[in-house]
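Asks: The structure follows.
The values are calculated or read from the model by the stated rules, or taken from the named source; none is laboratory data. Small disclaimer: the values here were computed from a predicted structure and weren't measured. As a convention, Cβ positions derive from the backbone with ideal geometry for all residues, glycine included, and neighbour counts pool all protein chains shown.
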Amino acid sequence: MRIGIVLSETPSYSETFFTSKIKGLQKHGFKVTLFVQHKKDDFNLCEVRVAPKVYKRNLILLLGSGLIVFFRGFLKYNRFLKFIELEREYGRSKKQMLKNLYNNSHLLTADLDWIHFGFATIAIQSEHVAKVIGAKMAVSFRGFDLDVYPLKYTGCYELLWNQVDKVHSISNYLLNTAYNIGLPKSVSYQIITPAICVPEHFKKQDSEKTSAFKIVTVARLHWMKGLQDTLEALAMLKSKQIAFKYIIIGSGIQYENLKYAIFQLGIEDYVILEGQKTHEETMAVLEDSDMYIQYSHSEGFCNAVLEAQGRGLLCITSDGGGLQENIIHGKTGWMVPKRQPKLLAETIINVMNLPVEEKRRMRANAINHVNSNFDVKNQAEQFVTFYSEHTD
């Protein structure tokens, strides 16, 4: 079976969700091709086809690239004509049709059994490709796809819902959100949660600490991540003279806002904005920390919370979105109703003050939870089933 996976760029080897999926499919005899806009030099897991470049400021280069696309598609000209016909029937403008033809040309010339868009937003303007080349169409749901993007672009998935053959959701929460914005319940689906490479050993903090409590969050600096609420909660800890150090790993558009909030709350000596780190560097910080906080307004699922549980951290999350399917409240971590910094602060203090034996129990539960339910090896098998099951 020939599977085409569409992403914005080739994944790094630390992005286990995609790399393990590719390896698992190849192990079962599937031919996998990635279709991307940007290819990283070190990626060699499978064949990669790169979309034609868009030259907005150089007409000569754009015309040259357009000619290359035309000649490559000459043997598949019937597909190009059919694509234009479907685009016209849908009511797209001539300019948008030509733009879509150009951007999808690397897909339109491919011979595939499945086209799988790794994010719903990537499928926009490519909805007719699968039908044109005679493939089935799949799409994966992530938090941004359904929690954020449709708020700004109402009806953005109207055509996608009518073309997709099967959907992959990382949580029941996202699947239900998709239903609420128009996905027909007749469309086949499979829930395949994120998974991680379970470490062979864990660093455990089993004794009473005398130094500052180390807390960490891994997240894009985005309003959806609830970092402002987290900072307000931690300022309450400072007011009670509780020693802690809070590290935020990640970059994003809210950097300046968060920097100012840290200053305004008077917790500059307690909070570190680390910026982007490699996966290995991030895991090293997790293993050296005591507590993990993910107080997001909503999450599709959140890999970072899995990584934290898998390394035995004391995890506190909001009850936003798919987080309710990630940790087990009171057993592998604690969930706090979102947008309540005072309640978050109280929970953090209560967890800090738990007896050592109770902390050990929670850490062990979290590790076992990840080992039993979120091993990346099991995830690869689920994707084999995803493509193999009949979807008509």
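Asks: Modelled with pLDDT of 95 or more and within 16 Å of the chain's Cα centre (by Cα): is that true of HIS279 in this structure?
Replies: So HIS279 fails the test.
Asks: Going by what's in this entry, would LYS377 be described as in a helix (DSSP H, G or I) and under 25 Å from the mean Cα position of the chain (by Cα)?
Replies: yes
Asks: Kindly list, by first and then second residue, each pair from a residue in region 345-357 that is polar (S, T, N, Q) to a residue that is assigned to a helix (DSSP H, G or I), limited to pairs with Cβ atoms under 9 Å and residues at least 6 apart or on different chains.
Replies: Filtered contacts from region 345-357: THR347/ALA233.
Asks: Quickly run through region 314-332 and pick out the residues that are more than 20 Å from MET224 (Cβ to Cβ) and not hydrophobic (A, V, I, L, M, F, W, C).
Replies: HIS329, GLY330, LYS331, THR332
Asks: Can you find, within region 322-340, the residue that is nearest to ARG360 (Cα to Cα) among those that are small (Gly, Ala, Ser) and outside any strand (DSSP E or B)?
Replies: GLY330
Asks: Additional query: Quick test of your reading of the structure: ASP145 fulfils all but one of (1) of a type outside the set (Gly, Ala, Ser); (2) at pLDDT 95 or above; (3) over 13 Å from VAL6 (Cβ atoms); (4) buried (at least 23 other Cβ atoms within 10 Å of the Cβ). Name the failing condition by number.
Replies: Only one criterion is unmet by ASP145, namely (2).
Asks: Only one residue in ILE316, ILE272, ILE293, ILE348 is of a type in the set (A, V, I, L, M), out of contact with any helix residue (DSSP H, G or I) (no Cβ under 8 Å at 6 or more places or on another chain) and outside any loop (DSSP other than H, G, I, E, B). Which one?
Replies: Sole residue among the options that is of a type in the set (A, V, I, L, M), out of contact with any helix residue (DSSP H, G or I) (no Cβ under 8 Å at 6 or more places or on another chain) and outside any loop (DSSP other than H, G, I, E, B): ILE272.
Asks: Related question: Counting only residues that are assigned to a helix (DSSP H, G or I) and surrounded by fewer than 14 Cβ atoms within 10 Å (Cβ to Cβ), how many does region 351-367 have?
Replies: Total satisfying the criteria: 4.
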